[in-house]
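Here's the structure, in structure tokens; my notes come after.
The values are calculated or read from the model by the stated rules, or taken from the named source; none is laboratory data. What you are looking at is a predicted structure, and each value in this text was computed from that prediction instead of being measured. Positions of Cβ are backbone-derived with ideal geometry, glycine not excepted, and every protein chain shown enters the neighbour counts.
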Amino acid sequence: MASDRSRLEFGLFVPPMHYMKQNPTRALWRNLEMLEYADSLGFHEAWIGEHHSGGAEIIGSPEVFIGSAIQRTTQMRLGTGVASLPYHHPFHVAERAVLLDHLSRGRTMLGVGPGSLPTDASMIGVPWADTRKRMVESWEAIHHLLTSDEPLTMETDWFTLRDAILQVEPYSLPTMEVAFTAMESPFGPSMAGKYGSSLISLSGTTASGFGALGRHWSVVEAEAAKHNQSVDRKNWGVVVMMHVAETREQAKKEVERQLPAFAAYSALISERTFEWLEADPDAPEPEGEPTIQDIIDAFGGTKIACIGTPDDAIEMITNLQEVTGGFGRLLMFTGTDWTNQEALYRGLELTAREVMPAFQGSSTRPERAAQRSIETRAEKIAEQRASIRLANEKYAAENAPA
């Protein structure tokens, strides 16, 4: 009988965030190449962001990017991480999601959210105070379009639908996987619970958000119970900051040029981004960019982030599992230019080779086989040598001179 072993899936969360003094064309192509390489290593999924300002997060349409990535990957699932619903007519969001579902033969996912950069909303005239209201309205329409055969008529102060119905139903039945995101508030978890959907928690990427992380799934379960929905922790993805190398010194060296600048930039562009040094609110504000050690210390060593070895990553992930009560997906925050491409690929390789097996059980049988061989080695070698001795003796007897 097959064993019932739990499996933590590993994936990527790709905003992306690129330093601005570079060729954006090359940066976008590096993202595609990274996904292709991660797919070859066995990473389960990747979520691609949507942003329109700030200069670093330069993918304006995750759907277009995913359409290209579909052709370069074979196993990896690809999702919008996320489609900012207040910025789009809901009919178009639903229609594009269904198109990708067919083009990928079921490998794409629909992650949705209210948008993360106030400057995005400002440029297109969306009041920031309205984004969550608009997201709820939009999602009600999208959910109907994806799951019902009945035409939808709906009018709000920002979109209208009249007898709307999609020409093509989703490839995935009943529809593609849907995910909501969460930072510190219960908004995302409550939506995930209400609709029986997946959840992506970004709380592990900030010192302040980490405190809310353990509460996310309890909100999902409570809302699911209210609405007679079924939810499963295997559909909970937790985003982490993580880069691994053979040694801690090497890992720190590989990120020391770009990570401090990334941290400083992130703290400037949005309230929702990465408040790297919040551990002591009364501490004086650091002068200049934070150092690598500042960043590591702010996250409590390897407690909620990892710049270190595969063993450090295993320790960090184990801690997250204990804090949360368990989740099904570990999503590495990447596409950030923390390192050069060679170091990034080496880190992904080490993660696949040495970190994944600790949470997927894939090395259990080889390790057991090796242990059995060690334990019976003396006995088996004795048998082997005895057999060789008998064969030599038999040959000598049969070929002795008459």
Exercise for the section: Confirm whether Phe65 is buried (at least 24 other Cβ atoms within 10 Å of the Cβ) and within 19 Å of the chain's Cα centre (by Cα). Expected result: no
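Residue by residue, here is whether (1) buried (at least 18 other Cβ atoms within 10 Å of the Cβ); (2) of a type in the set (D, E, K, R) holds:
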residue	(1), (2)
Ser84	yes, no
Arg96	yes, yes
Arg105	no, yes
Thr108	yes, no
Gly113	yes, no
Asp120	yes, yes
Exercise for the section: Check the stretch 131-142 and report whether any residue there is closer than 29 Å to Glu33 by Cα, surrounded by fewer than 20 Cβ atoms within 10 Å (Cβ to Cβ), touching a residue at least 24 places away in the same chain (Cβ under 8 Å) and out of contact with any Asp or Glu (no Cβ under 8 Å at 6 or more places or on another chain). Expected result: no
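Scan the stretch 170-177 and give yes if some residue there is in the same structural domain as Pro118 (by TED's automatic domain parsing), under 24 Å from the mean Cα position of the chain (by Cα), within 30 Å of Thr318 (Cβ to Cβ) and assigned to a strand (DSSP E or B), otherwise no.
no
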Exercise for the section: Hand me the list of helices (runs of 4 or more DSSP H) wholly inside the stretch 187-277 holding 3 or more residues that are at pLDDT below 85. Expected result: 210-226, 259-269
Exercise for the section: Being exposed (fewer than 10 other Cβ atoms within 10 Å of the Cβ) and more than 30 Å from Ala46 (Cα to Cα) narrows it down to one of Ala391, Ala402, Ala386, so name that one. Expected result: Ala402
Exercise for the section: Count, please, the residues in the stretch 63-85 that happen to be in a helix (DSSP H, G or I) and either in contact (Cβ under 8 Å) with a residue 60 or more places away in the chain or over 26 Å from Leu152 (Cα atoms) (or both). Expected result: 7
